[in-house]
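Everything on this sheet refers to the single structure shown next.
The values are calculated or read from the model by the stated rules, or taken from the named source; none is laboratory data. A quick note: this is a predicted structure, and the numbers were derived from the prediction, not measured. Note that we place each Cβ from the backbone using ideal geometry, even for glycine, and neighbour counts take in every protein chain shown.
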Amino acid sequence: METLSSLADGFVIALTWQNLLLALLGCFLGTIMGALPGLGPSNGVAILIPLAFTLGLGATPSLILLTSVYYGAMYGGRISSILLNIPGDEPAMMTCLDGYPMAQQGRAGEALSLSGVASFVGAFIATWGLILLAPQLVKIALLFGPAEYFALFTLAFATLGGVASTNQAKTAFAAALGIGLATVGVDTQTGVPRFTFGEVHLYDGIDFLVAIVGLFALSEVFLFLEHRHGNAEANSSKISVGRLMPSFALLKSCTPTMLRTSLLGFIAGVLPGAGASLGSFISYTFEKKLVDKEGTFGKGDPRGVAAPEAGNNAAAGGALVPMLALGVPGSGTTAVLLAVLLALNITPGPLLFTQQPDVVWGLIAALFIANFMLLAMNIPMIGLFTRVLLIPPRILMPIVAMVSFVGIYGISGSSFDLMVMVGFGVLGWVLRKLDVPLVPIILGTLLGNAMENNLRRAISISNGDWFTLIDSPLSIALWSLAAIGFILPIVFGKVLKARMRHMKKDEEGSTID
Amino acid sequence: MSDRIFGAVGLFLALGYAWAALVIEESFLSDAVGPKAFPLIIAAVLGLASVAIFLKPDTAPEWPSLPRLLEVAMAVLAMILYALLLPEAGFILATAVAAAYLTWRLGSSPIGSIVTGCLTSVGIYAVFHLVLGLSLAKGPFGF
């Protein structure tokens, strides 16, 4: 009951004209960014953070804008998967398997609207899951002391590579690099400058927004330049949408699939290190095992479109649970959303729910609103979004670069920050070429200081005894989970990744036949 | 091979970072841990990860040919120049030139890229400055 009244309060906060307009704008921009290959949800949110910040929006409105972008991008990823067989973002990879064959059979419109409905169901169920689960997790989190938090941060970093990670050494490298960057600047506890080399600009530390926009957005521009990949993937003759509304019978036949995979995706999203890509992968393989009796999966089975879409959108909602309740994100995009919160001077975690309930519940209400808007937008306006795929990158990428510069310059007005951003762009490009994941770097720069403060607090409390870190059963449990989470992918990562790739290849082969 | 170089560079980075941590001047008033310990732990993780990458390299990525590498370097140079000249030249002029350069290098025709650059610049100015009221760099002409 208490939850429902909090939720009602949330709707009161979210239902103002300004917030509704922001949610609409966010959904629209997010869908476009998700649809364009090369601009995923992390990129989309990253580019828009400085803007929300410089526009002087309050905490709740900017969160509404950016989470709408996040949900929108999760919806949008499917569009290019279905029409072009090119996933708009990584989680949409599995949607290609049945979506593209459906498009080839002239049922693109049906596939798009069905996947829109599936996305809606997934996100809707996940938002309810968030409401029910997050307060419970908060109760556990209140038992955490500094030592447990230090262990929790380690757990987050150890599992961030995900089960499908191929090289844990590179994940560890990236995390350490990010945390190392966070230690640049004046030490918060003793006031001595560290790693500044006498450069006054560095005394404040490196602004994580500068790092995020450089690493994600600019490195993308460099990748496109390297391949001189300037033309649009689509040409207008290739895109024909066909019949738009799915028939009632089709929806009905897919309903059990959507419900099952939403639940599965949500769980995958909550677990650290799994994230949306794995959510859609598990959903697809699970449904294939369960209902694919005639072997129609991979040849344009509508259920094969509904399953991964419900799964990845549910995972996107699920990933918000640890981010809001513990302040420790489970996926790349929620790491970027954490940056938003920190930039707005909001510290997510158990205290957020008691101290700033208006932010939390306003945000949750906004998720519901954004979800309905996206459903309403995605079915009739799908034609408009498919047009977006015709914009060639040679026009789009300079715009992305320039908007990044505008955003960062708007915050600080300093050329030095812009140059640091370019530096991060180059670093991001090199690291991407070397297959080093960028998300741990971001998370490191975000959480590095909090991690160090908790370590020092824990040890100060125990008068310099380092064994306090493994003193309570809770922290021992967290440390062992971290160890398992780090070692498991070394054993299974290659197998899983190979299977994901293998499956994609198989399907490509069968569509050519 | 790429990963071997990467691992070696990473190891040097870790050593440099550890050295820089060791020479931090401690204040006379410090907590039980001090400002050095945490960076040293991180340096150890960084170093171990680098050694692991060095010993067990992945297959090398496909590096671009020299002309393409030069292309990326030129873009970096253009962006640095943009960052330096932005306060001098003003937003519209600097952005138009930078956007035109990038779209030209991505394969637009010369005239097309000048038009695209100007439109991008004016478009961003209109949306972010005139509509949203963001303060952008003012040049000698006031825009």
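Among the conditions (1) on the phi < 0 side of the Ramachandran plot; (2) part of a loop (DSSP other than H, G, I, E, B), the only one that A:LEU112 does not satisfy is (2).
For every residue, the table says whether it meets (1) of a type outside the set (Gly, Ala, Ser); (2) farther than 26 Å from A:PRO50 by Cα; (3) crowded, with 17+ Cβ neighbours inside 10 Å; (4) at pLDDT 85 or above.
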| site | (1), (2), (3), (4) |
| --- | --- |
| A:ILE179 | yes, no, yes, yes |
| A:GLY198 | no, yes, no, no |
| A:ASP207 | yes, no, yes, no |
| A:PHE216 | yes, no, yes, no |
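Looking at the range A:138-148, is at least one residue within 20 Å of the chain's Cα centre (by Cα) and away from chain B (no Cβ under 14 Å)? Within the range A:138-148, none of the residues are within 20 Å of the chain's Cα centre (by Cα) and away from chain B (no Cβ under 14 Å). Every condition in (1) modelled with pLDDT under 80; (2) buried (at least 20 other Cβ atoms within 10 Å of the Cβ) holds for A:SER262 except the one numbered (1).
Scanning the range A:177-203 for residues that are closer than 17 Å to B:LYS36 by Cβ and either under 21 Å from the mean Cα position of the chain (by Cα) or part of a strand (DSSP E or B) (or both) yields a count of 5. Residue selection: A:THR60 fails the criterion of being surrounded by fewer than 22 Cβ atoms within 10 Å (Cβ to Cβ), more than 27 Å from A:PRO380 (Cα to Cα) and in contact (Cβ under 8 Å) with a residue 40 or more places away in the chain.
Matching residues to (1) surrounded by fewer than 24 Cβ atoms within 10 Å (Cβ to Cβ); (2) part of a helix (DSSP H, G or I); (3) touching a residue at least 12 places away in the same chain (Cβ under 8 Å); (4) in contact with a helix residue (DSSP H, G or I) (Cβ under 9 Å, 6 or more places away or on another chain):
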position	(1), (2), (3), (4)
A:LEU25	yes, yes, yes, yes
A:PRO37	yes, no, yes, yes
A:VAL45	no, yes, yes, yes
A:LEU51	yes, yes, yes, yes
A:SER68	no, yes, yes, yes
A:TYR71	no, yes, yes, yes
A:ARG78	no, yes, yes, yes
A:ILE82	no, yes, yes, yes
A:MET93	yes, yes, yes, yes
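For A:LEU351, the requirement of being of a type outside the set (D, E, K, R) and free of Cβ contacts under 8 Å to residues at least 12 places away in the same chain is met. Counting only helices (runs of 4 or more DSSP H) wholly contained in the range A:264-347, the ones carrying 3 or more residues that are free of Cβ contacts under 8 Å to residues at least 60 places away in the same chain occupy A:275-291.
Within the range B:78-119, the set of residues being more than 7 Å from every other protein chain (Cβ to nearest Cβ) and not in a helix (DSSP H, G or I) comprises B:GLY90, B:SER109. Only one of the numbered conditions (1) within 31 Å of the chain's Cα centre (by Cα); (2) in contact (Cβ under 8 Å) with a residue 60 or more places away in the chain; (3) facing chain B (nearest Cβ under 8 Å) is violated by A:ILE206, and that is (3).
Can you name the residue in the range A:429-474 that is assigned to a helix (DSSP H, G or I) and small (Gly, Ala, Ser) and, of all such residues, is nearest to the other protein chains (Cβ to nearest Cβ)? Once the filter is applied, the top-ranked residue is A:SER460. What pairs can you find where one residue is in the range A:394-406 and within 7 Å of chain B (Cβ to nearest Cβ) and free of Cβ contacts under 8 Å to residues at least 12 places away in the same chain, the other is surrounded by fewer than 24 Cβ atoms within 10 Å (Cβ to Cβ) and among the acidic types (Asp, Glu), and their Cβ atoms are less than 6 Å apart, with a gap of 6+ or different chains? Within 6 Å, no pair qualifies.
Reported count of residues in the range B:32-70, each being of a type outside the set (Ser, Thr, Tyr) and assigned to a helix (DSSP H, G or I), is 23.
The residues listed here are A:LEU290, A:LEU244; of these, the one that is within 24 Å of A:PRO37 (Cβ to Cβ) and modelled with pLDDT under 85 is A:LEU244.
For (1) small (Gly, Ala, Ser); (2) surrounded by fewer than 16 Cβ atoms within 10 Å (Cβ to Cβ); (3) more than 8 Å from every other protein chain (Cβ to nearest Cβ); (4) in contact with a helix residue (DSSP H, G or I) (Cβ under 9 Å, 6 or more places away or on another chain), each residue gets a yes or a no:
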| residue | (1), (2), (3), (4) |
| --- | --- |
| B:LEU11 | no, no, yes, yes |
| B:TYR17 | no, no, no, yes |
| B:GLU25 | no, yes, no, no |
| B:PRO35 | no, no, no, yes |
| B:ALA44 | yes, yes, yes, yes |
| B:ALA52 | yes, no, no, yes |
| B:LEU55 | no, yes, yes, yes |
| B:VAL72 | no, no, no, yes |
| B:VAL76 | no, no, no, yes |
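From the list A:GLY180, A:GLY116, A:GLY191, the lone residue that is in contact (Cβ under 8 Å) with a residue 60 or more places away in the chain and within 12 Å of another protein chain (Cβ to nearest Cβ) is A:GLY180.
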